[in-house]
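Student: Got a structure here, written out as C-alpha coordinates. Questions coming.
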Amino acid sequence: EFHVYRHLRRREYQRQDFMDAMAEKQRLDEEFQKKLERNKMIAEEQTAKRRRKRQKLKEKKLQAKKNKLEQKKQEKEPGQSQEQGSSEDDEEDSKEEEEKEDDAEEPSFVMGR
(Lines give C-alpha, C1' and ligand atoms only; values in the text may rest on other atoms or scores of the structure.)
Protein backbone atom coordinates (compact mmCIF):
# COMPACT_ATOMS: atom_id res chain seq x y z
CA GLU A 1 0.00 0.00 0.00
CA PHE A 2 3.02 2.25 0.00
CA HIS A 3 2.55 2.98 -3.71
CA VAL A 4 -0.95 4.34 -2.95
CA TYR A 5 0.47 6.63 -0.27
CA ARG A 6 3.20 7.82 -2.68
CA HIS A 7 0.63 8.54 -5.35
CA LEU A 8 -1.53 10.59 -2.95
CA ARG A 9 1.50 12.45 -1.65
CA ARG A 10 2.67 13.26 -5.20
CA ARG A 11 -0.78 14.59 -6.14
CA GLU A 12 -0.90 16.73 -3.00
CA TYR A 13 2.54 18.18 -3.74
CA GLN A 14 1.46 18.96 -7.31
CA ARG A 15 -1.68 20.66 -6.02
CA GLN A 16 0.34 22.76 -3.55
CA ASP A 17 2.90 23.70 -6.21
CA PHE A 18 0.10 24.71 -8.57
CA MET A 19 -1.54 26.83 -5.86
CA ASP A 20 1.80 28.46 -5.01
CA ALA A 21 2.45 29.21 -8.68
CA MET A 22 -1.03 30.69 -9.10
CA ALA A 23 -0.59 32.84 -5.98
CA GLU A 24 2.77 34.11 -7.25
CA LYS A 25 1.28 34.87 -10.66
CA GLN A 26 -1.61 36.73 -9.06
CA ARG A 27 0.76 38.73 -6.88
CA LEU A 28 2.88 39.69 -9.89
CA ASP A 29 -0.24 40.67 -11.84
CA GLU A 30 -1.42 42.90 -8.98
CA GLU A 31 1.99 44.57 -8.73
CA PHE A 32 2.01 45.12 -12.48
CA GLN A 33 -1.48 46.68 -12.40
CA LYS A 34 -0.46 48.95 -9.52
CA LYS A 35 2.63 50.01 -11.42
CA LEU A 36 0.58 50.73 -14.55
CA GLU A 37 -1.90 52.77 -12.54
CA ARG A 38 0.90 54.69 -10.83
CA ASN A 39 2.55 55.44 -14.19
CA LYS A 40 -0.79 56.52 -15.63
CA MET A 41 -1.41 58.88 -12.72
CA ILE A 42 2.07 60.39 -13.09
CA ALA A 43 1.52 60.86 -16.82
CA GLU A 44 -1.87 62.50 -16.22
CA GLU A 45 -0.36 64.84 -13.64
CA GLN A 46 2.41 65.83 -16.04
CA THR A 47 -0.13 66.36 -18.82
CA ALA A 48 -2.33 68.48 -16.56
CA LYS A 49 0.66 70.52 -15.45
CA ARG A 50 1.74 71.16 -19.03
CA ARG A 51 -1.85 71.96 -20.02
CA ARG A 52 -2.08 74.53 -17.23
CA LYS A 53 1.24 76.02 -18.31
CA ARG A 54 0.12 76.27 -21.96
CA GLN A 55 -3.21 77.77 -20.94
CA LYS A 56 -1.49 80.32 -18.68
CA LEU A 57 0.87 81.31 -21.49
CA LYS A 58 -2.02 81.57 -23.93
CA GLU A 59 -3.98 83.79 -21.55
CA LYS A 60 -0.90 85.93 -20.95
CA LYS A 61 -0.42 86.44 -24.70
CA LEU A 62 -4.10 87.25 -25.16
CA GLN A 63 -3.99 89.75 -22.30
CA ALA A 64 -0.86 91.37 -23.73
CA LYS A 65 -2.56 91.65 -27.12
CA LYS A 66 -5.64 93.26 -25.55
CA ASN A 67 -3.48 95.69 -23.62
CA LYS A 68 -1.58 96.60 -26.77
CA LEU A 69 -4.81 97.24 -28.67
CA GLU A 70 -6.14 99.37 -25.83
CA GLN A 71 -2.94 101.42 -25.80
CA LYS A 72 -3.21 101.98 -29.56
CA LYS A 73 -6.80 103.13 -29.17
CA GLN A 74 -5.91 105.50 -26.37
CA GLU A 75 -3.07 106.97 -28.41
CA LYS A 76 -5.27 107.43 -31.49
CA GLU A 77 -8.46 108.66 -29.82
CA PRO A 78 -8.09 109.55 -26.16
CA GLY A 79 -11.55 111.25 -26.00
CA GLN A 80 -13.73 108.33 -27.15
CA SER A 81 -15.66 106.07 -24.79
CA GLN A 82 -15.00 102.38 -24.12
CA GLU A 83 -18.26 101.27 -25.80
CA GLN A 84 -17.07 102.31 -29.23
CA GLY A 85 -13.70 100.69 -28.56
CA SER A 86 -15.14 97.17 -28.36
CA SER A 87 -16.55 97.41 -31.90
CA GLU A 88 -13.20 98.76 -33.09
CA ASP A 89 -11.52 95.71 -31.53
CA ASP A 90 -13.59 93.46 -33.73
CA GLU A 91 -12.84 95.57 -36.79
CA GLU A 92 -9.10 95.62 -36.08
CA ASP A 93 -9.04 91.87 -35.49
CA SER A 94 -10.82 91.23 -38.78
CA LYS A 95 -8.43 93.62 -40.57
CA GLU A 96 -5.44 91.82 -39.09
CA GLU A 97 -6.84 88.46 -40.18
CA GLU A 98 -7.42 89.78 -43.72
CA GLU A 99 -3.88 91.14 -43.86
CA LYS A 100 -2.50 87.77 -42.75
CA GLU A 101 -4.52 86.00 -45.43
CA ASP A 102 -3.38 88.51 -48.09
CA ASP A 103 0.24 88.02 -47.10
CA ALA A 104 -0.09 84.29 -47.54
CA GLU A 105 -1.43 84.65 -51.08
CA GLU A 106 1.37 86.89 -52.36
CA PRO A 107 4.46 85.06 -53.64
CA SER A 108 7.69 85.95 -51.91
CA PHE A 109 9.62 85.90 -55.19
CA VAL A 110 8.91 85.98 -58.92
CA MET A 111 10.48 83.41 -61.21
CA GLY A 112 11.89 84.41 -64.60
CA ARG A 113 12.82 87.99 -63.78
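Student: Whole-Hz Karplus ³J(HN,Hα) for the range 33-49, in order, using 6.51 cos²θ - 1.76 cosθ + 1.60 and θ = phi - 60°, x for Gly and Pro?
Tutor: Using θ = phi - 60°, the values come out as 5, 4, 5, 4, 5, 4, 4, 5, 5, 4, 5, 5, 5, 5, 5, 5, 4 Hz.
Student: Given the Cα-Cα distance of Asp20 and Glu1 and 0.36 nm per residue of separation, how much length would full extension add, in nm?
Tutor: Stretched out fully, the Asp20 to Glu1 stretch lengthens by 3.9 nm.
Student: If each of Lys40 and Glu70 carries a label point 7 Å out from its Cα toward its Cβ, how far apart are those two points in nm?
Tutor: In this crude label model, Lys40 to Glu70 measures out at 4.5 nm.
Student: Only four residue types carry charge here, +1 at the Cβ of Lys and Arg and -1 at the Cβ of Asp and Glu. Report the dipole size of the range 1-73 about the Cα centre in Debye, rounded to the nearest 20.
Tutor: 1660 debye
Student: Using a 1.4 Å probe, what is the accessible area per residue for the range 1-46, in Å²?
Tutor: Accessible surface, normalised per residue, equals 103 Å².
Student: So, one more: Per residue, how big is the convex hull around the C-alpha atoms of the range 1-73? Give it to me in cubic angstrom, could you?
Tutor: 34 Å³
The values are calculated or read from the model by the stated rules, or taken from the named source; none is laboratory data. Computed from a predicted model, the values in this text were never measured in an experiment. Every residue, glycine as well, gets a Cβ built from its backbone with ideal geometry; the counts of neighbours run over all protein chains shown. Accessible surface areas use protein heavy atoms only, side chains included; no ligands, DNA or RNA. Shrake-Rupley method; radii C 1.70, N 1.55, O 1.52, S 1.80 Å.
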